[in-house]
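The values are calculated or read from the model by the stated rules, or taken from the named source; none is laboratory data. Values in this document were obtained by computation on a predicted structure and should not be read as measured data. Reconstructed Cβ throughout: ideal geometry from the backbone, glycine too, with neighbour counts over all protein chains shown.
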């Protein structure tokens with residue numbers, strides 16, 4: 001039980017630490033300087049992710065086989081699919097700033 005509590009504590013800490021650099025990166029990459037719009041997008045995405053993520057993980061765990069492994073595989077696949085898009089966006093933002 002203590003290990004589960006420690007894991008939940010680590011998740012809460014990471015949920016608090018990760019959004020700040022992510023929003024700061026969005027602001028830095030915004031080519032037109034729309035800081036307020038970028039902050040709004042970052043905040044909305046954080047709230048949607050924190051609210052929808054556990055729900056989606058529960059649905060995946062209930063609907064598919066291997067409930068402890070399947071949500072991790074879905075998350076890993078989504079993370080891998082986001083890398084090329086993030087790379088293309090960062091490269092285009094850097095090129096447009098030059």
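Out of 10, 5, 56, 18, I need the residue that is free of Cβ contacts under 8 Å to residues at least 60 places away in the same chain and more than 19 Å from the chain's Cα centre (by Cα). Which one? Of the residues listed, the single one that is free of Cβ contacts under 8 Å to residues at least 60 places away in the same chain and more than 19 Å from the chain's Cα centre (by Cα) is 5. Number of residues in the range 12-35 that are surrounded by fewer than 11 Cβ atoms within 10 Å (Cβ to Cβ) and over 25 Å from residue 95 (Cα atoms) equals 5. What are the residues in the range 14-35 that are under 20 Å from residue 87 (Cα atoms) and in contact with a helix residue (DSSP H, G or I) (Cβ under 8 Å, 6 or more places away or on another chain), if any? Matches in the range 14-35: 19, 22, 23, 26, 27, 29, 30, 31.
Could you check the range 65-83 and list, in sequence order, the residues that are in contact with a helix residue (DSSP H, G or I) (Cβ under 8 Å, 6 or more places away or on another chain) and either part of a loop (DSSP other than H, G, I, E, B) or on the phi > 0 side of the Ramachandran plot (or both)?
Within the range 65-83, the subset in contact with a helix residue (DSSP H, G or I) (Cβ under 8 Å, 6 or more places away or on another chain) is 67-68, 70-71, 74-75.
67, 68 - these are the residues of the range 65-83 that are in contact with a helix residue (DSSP H, G or I) (Cβ under 8 Å, 6 or more places away or on another chain) and either part of a loop (DSSP other than H, G, I, E, B) or on the phi > 0 side of the Ramachandran plot (or both).
All of (1) over 20 Å from residue 8 (Cβ atoms); (2) modelled with pLDDT of 75 or more; (3) out of contact with any helix residue (DSSP H, G or I) (no Cβ under 9 Å at 6 or more places or on another chain); (4) part of a helix (DSSP H, G or I) hold for residue 52 with one exception: (1).
Yes or no, residue by residue, for (1) under 16 Å from residue 23 (Cα atoms); (2) loosely packed, with under 11 Cβ neighbours inside 10 Å; (3) under 13 Å from the mean Cα position of the chain (by Cα):
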residue	(1), (2), (3)
37	yes, no, no
61	no, no, no
72	no, no, no
76	no, yes, yes
81	no, yes, yes
95	no, yes, no
